[in-house]
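The values are calculated or read from the model by the stated rules, or taken from the named source; none is laboratory data. All figures in this text were calculated on a predicted structure; none of them were measured in a lab. With ideal geometry, Cβ positions are generated from the backbone for all residues, glycine too; neighbour counts draw on all protein chains shown. Side chains are part of the model used for accessible areas, which takes the heavy atoms of the whole protein and leaves out ligands, DNA and RNA. Shrake-Rupley method; radii C 1.70, N 1.55, O 1.52, S 1.80 Å.
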Amino acid sequence: MNFQDYLYRNGFQREDLLARLAESLELDETRSNKMETAYNAIYDVLKADPVFFSKVDFVVYPQGSKAIGTTTKPIGKDEFDLDIVVQIKDSYRNYTSSEIYNHLIRVFTSNEVYRPKLLKKNRCARINYAGDFHLDILPGCIIIPFEDKIMVPDRELASWTSSFPKGYAKWFTDKAEDVREPLLLRKAFTDYVTLSEAKAEQEELPDENIYEKEPLKRAVQLTKRYRDIFFEKKPKHKTSSIVLTTIFGELYQGEASIYETIDNTLNRILERYTSYEKLFESSGVYKRIKVLNPVNEDEDFTEKWDKDKEYYTQFISFVRSYKEKWEQLKNGNFSVAEDLFGSTTTKTILKSQLDNLSGNGKNELEKAGLTLLSGKSYVDDRGRISRDSGYPSKPNRNYGGVELNLNSGKKDIQRNYVAAYIQKDYLNKHFPWLKTVITDGKLLGKGKIKPNGCKKEYEILVEYDINRQGRKERVYVLNDSQIKFGKTPHLYPGNSLCLYYPKDLSPHLDLNFVDVMPWISEWLIMYELWKKYGVWLADEVKH
C-alpha cells in the first residue's frame, strides 16, 4: 500500500487533491529564478545611484503574496507581480512625498536596461518584463526609528500615506501558524510512516513539501485561483488579493485542513458581509465594507469601494458562486473542482494521484486509466485495455448532451445494405465478445465485457445503421441503472453512450464502426474512475 492508497482508504483524498492543486498554482522553478534574479538586481541598481540612494541607508524586501507564501500563477495573459518595498531608514518628515518618488523614477529612467520596462504607477515604479512578470517597487520612509511602519508617496493625493508591509506579513504568518491541532495531511503522513515502519515495509515516500504549508495559506491560494476564473471576463471590479487574504486571515479559526478552512470561512464571510446588502435593499443606504490592515488601521484596503458600489456587489457574487460550487464539492462531486480551479490543473493532479495509486498491483483500474491517458492503447478481443496488443484505439474526445446536425448536404440515392456485413466481419474478427446479427441493413450486437479493474461486468447493446442521418451508432449499457442522461457525464438523451465528438470526424467519410469498439471499454473505465474520483479524466468537449 503506497501513501496515495492510504489516503484514499482513510478518506483523505479530497484534502490531498486540494493540497496538490494549491501546490500546482505556485510559480515554476524557471519563473521563480527569473524573478529572484530581477529582485536581487534592484538593490544593486539603487545602491549605485550617486545622487540619492547611495547616500541613505535603505533595505529592499518583498511584500504581498511572495512574503506570506500565497503566490498563485496567473491564468490567461495575466502577468505575475512581485511587490517590493524600498524602505529608507530615515524619517519621512525629512522629505516630500514627490521627492522620494521622483528619485526612484529617475534611477530607472536613466538606466538603459530599465528605461523601456518602466511604467509610472500612483505609488510605485513598475518594471515590466514583457508578458512574463512585473516588479512593483514601492518606496517609503520610516515613521519612528527602529520600527518598520512606513509612509509611502501617493501621487494622486500629493502626500504621504501609511503602510506596514512587514507588520502585515508577520500578522498573516502568525495567523496561519496558529492551528488548533496537527495539520490533517501532515498527521496522515506521520501515521503512514509509523505504520510502514511497524510493518517493516519499504514504501516510497511522497514529497513532504506538499503537506507542510499551512491550511490558511493553501486556502488563500485556491481562493485566488477561483477569483481569477470568476472575474476573467469582468476584470474591472475584481476583488484584490490583499482584500481576500485579509478577510481569510481575520476569519480563520485554526482549522487543521484546507477543506475546513475554505468551507468555514465562506460561511463566515456571507454571515458577516451580506448584512451590508440587506441594509442597502431595505433602506437604500450603502454602507461599504471596510477591510483595514489589521496592524495599521490607517491603511484601508477597500478605500476605492467608497466611490463604486459594484466592487461590493461583485465581491458578494463571487463568494456566493464560490460557496455554491463548494457545496457540490462537499457532496462528493469532485468534478466541480474543474470549475473552481481549472480543468487542466485538476486533471493533471488527478492523473498524478492515479500514477501513485497504480504503483500498487491491486489498482488495475488506475493502471488502465493511465494507459488510456498515455495516448497509445489497444483493446483485446475481451474488451481489456493493453499497451501493446489488440485493436488500436484511435484518439477521441467525449461529448454528449445533444445531437449535432451532421448532415453534409448529400442525399442518399439508395440504401446501403453492404456496410453492415463488412462491419460484422470486422467485429467477429477483433471483438468476438459481441454477438451480432443484421436486420434490414442494420447491425445489432449484444455482449458482456469487464475492462481492466472494473468492479462489474457490463452488458452492452449496440446498433449501427449506415443509412441513419447523423450519428450512425447507438451504444447502451443494459445492466447499470445509474447510467442516466443528466446524471452521468457523456451520455446522449435516451442514455446512449457518447464515445467521441462527432465534429472531430471528417464530414465526408462515414465512421468505421469497428473503430468505436475500443472506445466502449475506454468509456467504461473512465465511468468507474469518475464514480471513484468525481472527474472525467479523458479528453472531452464541454457542453
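What the table below lists for this structure:
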item: The chain: relative contact order as a whole-number percent, Cα under 8 Å and 6+ apart; result: 11 percent
item: Mean Cβ count within 10 Å, highest first, over the residues of peptides 315-325, 363-373; result: 363-373, 315-325
item: Options Asn333, Trp433, Ser257, ranked by Cα towards positive dipole end of the chain, top entry (Cβ charges); result: Trp433
item: Of all accessible heavy-atom area on the chain, the percent that carbon and sulfur account for (1.4 Å); result: 48 percent
item: 25 Å Cα-Cα threshold exceeded, pairs from Lys170/Lys236; Lys429/Lys472; Lys238/Lys290; Lys66/Lys351; result: Lys170/Lys236; Lys66/Lys351
item: Point-to-point label distance, Val51-Lys187, nm (Cα→Cβ direction, 7 Å offset); result: 5.9 nm
item: Listed values (1) 27.6; (2) 33.2; (3) 25.4, entry calculated as mean projected area of the Cα convex hull in nm²; result: (2)
item: Gained length - Glu303 relative to Arg320, 0.36 nm times residue gap less alpha-carbon distance; result: 3.9 nm
item: Å² per residue, accessible surface of region 26-166 at 1.4 Å; result: 49 Å²
item: Scaled radius of gyration (Cα, divided by 2.2 N^0.38 Å) that region 419-543 gives; result: 1.05
item: Stretch gain in nm, segment Phe231-Lys429, where the contour uses 0.36 nm per residue and the Cα spacing is subtracted; result: 65.9 nm
item: Net charge over other residues, Cβ less than 9 angstrom from the Cβ of Val56 (K, R count +1; D, E count -1); result: 0
item: Summed residue charge, Cβ within 13 Å of Ser496's Cβ, Lys/Arg positive, Asp/Glu negative; result: +1
